[in-house]
Amino acid sequence: MQNTKNMRIPDFKLTVPVDQIGVEERAARFRTRSIKKESKLFALKLALQMVDLTTLEGMDSPGKVRQLCNKAMYPYEADPDIPKVAAICVYPNRVRLAAEILKGSGVHVASVATSFPSGMGTLESRIEEVKYAVDEGADEIDMVISRWAFLKGEYNYVFDEVATFKEACGPAHLKVILETGELETYENVRKASDIAIYAGADFIKTSTGKISPAATMPVTLVMLYAIRDYYLKTGSKIGMKPAGGIRDAKTALHYLAMVKETLGADWLTPDLFRFGASSLANDLLMQIIKQKTGQYQSPDYFSIG
Amino acid sequence: MSEKELTTRQNLRFDELWAYDPAPESPDYVKIEEQYNLFIDGKFQEPASGRYFETINPANEKLLSRVARADKSDLDKAVAAARKAYEGVWSKMPAKERGKYIYRIARLLQERAREFAILESMDTGKPIRESRDVDIPIVIAHFFYYAGWADKLKYAFPGVDPRPLGVAGQIIPWNFPLLMAAWKIAPALATGNTVVIKPASSTPLTLLRLGELIRDAGLPDGVVNIVTGPGEIGNAIANHPGIDKIAFTGSTEIGRTIQEASLRTGKKYTLELGGKAANIVFDDAPVEEAVEGIVNGIFFNQGHVCCAGSRLLVQEGVADELVHKLKMRMETLILGDPLDKNTDIGAINSKGQLDSILGYLTDGVESGLQIYQTKCQLPEKGFWCPPTLVENVSQAHRIVQEEVFGPVLTIQTFRTPEEAVSLANNTPYGLSGGIWTDKGSKIFKVGKGIRAGVIWANTFNKFDPTSPFGGYKESGMGREGGIHGLLPYLEISQ
């Protein structure tokens, strides 16, 4: 797993400086990348394979989750060339159902846990929730950090909770949601990323999707820099998942350009990059069909939900 | 193994998987005439000599057009037209009417921005991303900004009576042809002067198109006159008795001869010359953004920038990490067709300039310098130089002392802020400088110590019409931009 031999845990009281204007300018530069023709089709398909198809509502009935699982496996059955998405992402009490439907399909089952989205449960209950979701069949856990502790400067508390949940995950992958919309500054985002990574995160993730702003390109870029620095130090590759607010294919392609030009081609895989989204999948599908046929189809031709 | 060594052990792969397909702007969007005449007295006129010279696209060496070669008699005609316009119309017109004409130029440029951007990239070799997002927008901003001053000069200089000088002679370089023309034409017109302007012979096309636009905007005949031709015409402008003021942007060498000529003939003058700016990165700097600023500082416009951050001074504690990240970033720079929207690095402006840059590099190799270039493929046709770093150099090296005017960055380390300032100032130039640190007080302390006209903090190569620009020492005389930029075009009396 991780190359802990060379790992020296940084002092989280120290701040890695981030220049707000500079990082926002750099992120905006990726929006000027013009992705055309074959490179566009390649990226659209890749982006679709990176989608964590998500439903996280109090009204998520078994029927709704069943529909979503089928969409994950066959986003557009009319064209067998269209790839599957990476995973579906649900609440713990829908994991068993999703795991049954998706068994053998290659689509992962991700579950939010640890008192998502606020993280305000007791540590014990949050650990229990992780174990429950894994027992039910989740192979990826999306946890939330205690933002109250982070903002209070109790970095060791956050470090320890991530490490604890990582242990509770067992074989399942751990994605750590920083909820960057509540951290306010890029330097906080960087610090929270470092804490999560050094504490054992397999992925770091921007947002729950319940707080605005959710994922933005500059925030994601700051997190990619944290991932890159960790890789340069240790040789271990951590994944990245922007979630919330990425709705159209064009934005997704600009995110991919940012990943490629920051971390290189190795990160252009669902194993290391995901989009947490619901409506993005359909726009990607529409654009793929447009790219292949030269014509836009009506949204009525694509399954909702 | 120390942590520092570990940081530079891994590398990233940028060259494989998912290369972007070509996304070029269409050159057909711009109609280029086979031949261009001189713009004198509101009309395009054939040169007296009947001779024309060629202007090519430096990215593919293809002929773009043929441009009139002016001689002394054409210049006399242009100066006479400018004088007539000055005395007859422009200086007599109510200032707010002058302002309206300048606003009109700005608005027309805004409408035709895409056309000007494409043409600028074709004639200079600069990437369309820059001409579209930097050159042309700032050109427009300058005309809007100075249009506003036209009827407010009394408020810019209260208690005195600001009056125009007469005919301004202006000489433009090839690195930012339209932008430098805007920097000079806009304040000259706003202050009530008329203009005789000469573009560089390798990049005349956007200024000639601006001539068409000025004609279409209905400016009175002779207010702006454009003469194209070789360097001697520039010299003749500097020496012309009918010209009251010279504004020159270009090399320090030619700047000296212009200065001598101006002094001899009693003209006012402003000179914006070379530079060898230090970009200073302290160990508490935001490293990722500093890397971006270094790239923007030296590779913007292929390094053909007088205020380019061509000397990187980096504090020893952060040097390894910074240079490693800079090299990784350089691998992602896309070099190629200037009209492609994804191109980061365009063509070198001319064969002569390329030879000069390569001369510095060959000399450097001979004297044992450590040269690093990115692995990018160079196109077969045209003039190209990959982004280049020169490591482990000292103040004694020619490449550190002289202005290379290409995509070549020298790297030196320092230990203390004081050492950084003394290295930064150890140059005959003093145009610009950059400071990267998270600590505000250090910005002010170090910034005060550097003798340069512009200091950027945690950014680089930012331009704004409201901000004065100009150099210390051999980087020039006078200021362009802002309120300061009005002064060289005015006679001030109590």
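Based on this model, can you work out whether B:Leu313 counts as under 23 Å from B:Gly275 (Cβ atoms) and open to solvent by 10 Å² or more (accessible area, probe 1.4 Å)? In short, no.
Confirm whether B:Lys31 is open to solvent by 70 Å² or more (accessible area, probe 1.4 Å), away from every other protein chain (no Cβ under 14 Å), part of a loop (DSSP other than H, G, I, E, B) and closer than 22 Å to B:Gly211 by Cα. Lay out the reasoning, then the answer.
Working: open to solvent by 70 Å² or more (accessible area, probe 1.4 Å): yes; away from every other protein chain (no Cβ under 14 Å): yes; part of a loop (DSSP other than H, G, I, E, B): yes; closer than 22 Å to B:Gly211 by Cα: yes.
Yes, satisfied.
Consider the stretch B:316-330 and keep the residues that are surrounded by fewer than 22 Cβ atoms within 10 Å (Cβ to Cβ) and either among the charged types (D, E, K, R) or in contact with a Lys or Arg (Cβ under 7 Å, 6 or more places away or on another chain) (or both). The one that is farthest from A:Arg228 (Cα to Cα) is B:Glu316.
Listed conditions (1) farther than 23 Å from A:Arg274 by Cα; (2) among the hydrophobic types (A, V, I, L, M, F, W, C); (3) open to solvent by 10 Å² or more (accessible area, probe 1.4 Å) are all met by A:Ala149, apart from (3).
Residues in the stretch A:272-304 that are under 14 Å from A:Met240 (Cα atoms) and within 14 Å of chain B (Cβ to nearest Cβ): A:Leu272, A:Phe273.
Which residues, counting only those in the stretch A:252-270, are hydroxyl-bearing (Ser, Thr, Tyr) and over 15 Å from the mean Cα position of the chain (by Cα)?
Step one: filter the stretch A:252-270 for residues hydroxyl-bearing (Ser, Thr, Tyr), giving A:255, A:262, A:269.
Correct list: A:Thr262 only.
Against the conditions (1) open to solvent by 10 Å² or more (accessible area, probe 1.4 Å); (2) closer than 23 Å to B:Ile455 by Cα; (3) modelled with pLDDT of 95 or more, B:Pro386 satisfies every one except (2). Against the test of being within 13 Å of chain B (Cβ to nearest Cβ) and in contact (Cβ under 8 Å) with a residue 12 or more places away in the chain, the options A:Arg228, A:Arg247 yield a single qualifying residue, A:Arg228. Residues in the stretch A:18-62 that are under 30 Å from A:Tyr155 (Cβ atoms), out of contact with any helix residue (DSSP H, G or I) (no Cβ under 7 Å at 6 or more places or on another chain) and not polar (S, T, N, Q): A:Ile21, A:Glu25, A:Asp52, A:Leu56.
Residues of the stretch B:389-398 being open to solvent by 10 Å² or more (accessible area, probe 1.4 Å) and either not in a loop (DSSP other than H, G, I, E, B) or not small (Gly, Ala, Ser) (or both), which ones? B:Glu391, B:Asn392, B:Val393, B:Gln395, B:His397, B:Arg398, listed by residue number.
In the set (1) open to solvent by 10 Å² or more (accessible area, probe 1.4 Å); (2) away from chain A (no Cβ under 14 Å), B:Leu333 fails one condition alone, (2). Could you list all residues from the stretch B:4-24 that are at pLDDT 95 or above and more than 8 Å from chain A (Cβ to nearest Cβ)? If the condition is that a residue be at pLDDT 95 or above and more than 8 Å from chain A (Cβ to nearest Cβ), then B:Pro24 is the only one that fits. Among the residues here, A:Ala257 qualifies as modelled with pLDDT of 95 or more, out of contact with any strand residue (DSSP E or B) (no Cβ under 8 Å at 6 or more places or on another chain) and among the small types (Gly, Ala, Ser). Considering the stretch B:280-303, and only residues there that are assigned to a loop (DSSP other than H, G, I, E, B) and crowded, with 24+ Cβ neighbours inside 10 Å, the residue that is nearest to the other protein chains (Cβ to nearest Cβ) turns out to be B:Pro286.
Quick grid of which residues meet (1) on the phi > 0 side of the Ramachandran plot; (2) out of contact with any Cys (no Cβ under 8 Å at 6 or more places or on another chain); (3) open to solvent by 10 Å² or more (accessible area, probe 1.4 Å); (4) not aromatic (Phe, Trp, Tyr):
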residue: A:Ile227; (1), (2), (3), (4): no, yes, no, yes
residue: A:Tyr230; (1), (2), (3), (4): no, yes, no, no
residue: A:Lys233; (1), (2), (3), (4): no, yes, yes, yes
residue: A:Ala249; (1), (2), (3), (4): no, yes, no, yes
residue: A:Leu256; (1), (2), (3), (4): no, yes, no, yes
residue: A:Leu280; (1), (2), (3), (4): no, yes, no, yes
residue: A:Gln291; (1), (2), (3), (4): no, yes, yes, yes
residue: A:Gly294; (1), (2), (3), (4): yes, yes, yes, yes
residue: A:Ser303; (1), (2), (3), (4): no, yes, yes, yes
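For the stretch B:440-457, indicate whether the set of residues that are within 13 Å of B:Gly309 (Cα to Cα), within 14 Å of chain A (Cβ to nearest Cβ) and open to solvent by 10 Å² or more (accessible area, probe 1.4 Å) is non-empty. Scanning the stretch B:440-457 turns up at least one residue that is within 13 Å of B:Gly309 (Cα to Cα), within 14 Å of chain A (Cβ to nearest Cβ) and open to solvent by 10 Å² or more (accessible area, probe 1.4 Å). Just so you know, in the stretch B:337-374 the residues that are open to solvent by less than 10 Å² (accessible area, probe 1.4 Å) and of a type in the set (Gly, Ala, Ser) include one that is farthest from the other protein chains (Cβ to nearest Cβ), and it is B:Gly364.
The values are calculated or read from the model by the stated rules, or taken from the named source; none is laboratory data. Computed from a prediction, not measured in an experiment: that's the story for all the values here. Cβ: placed from backbone, ideal geometry, glycine included. Neighbour counts: every protein chain shown. For the accessible areas, the whole protein counts, side chains as well, though only heavy atoms, and no ligand, DNA or RNA atoms are used. Shrake-Rupley method; radii C 1.70, N 1.55, O 1.52, S 1.80 Å.
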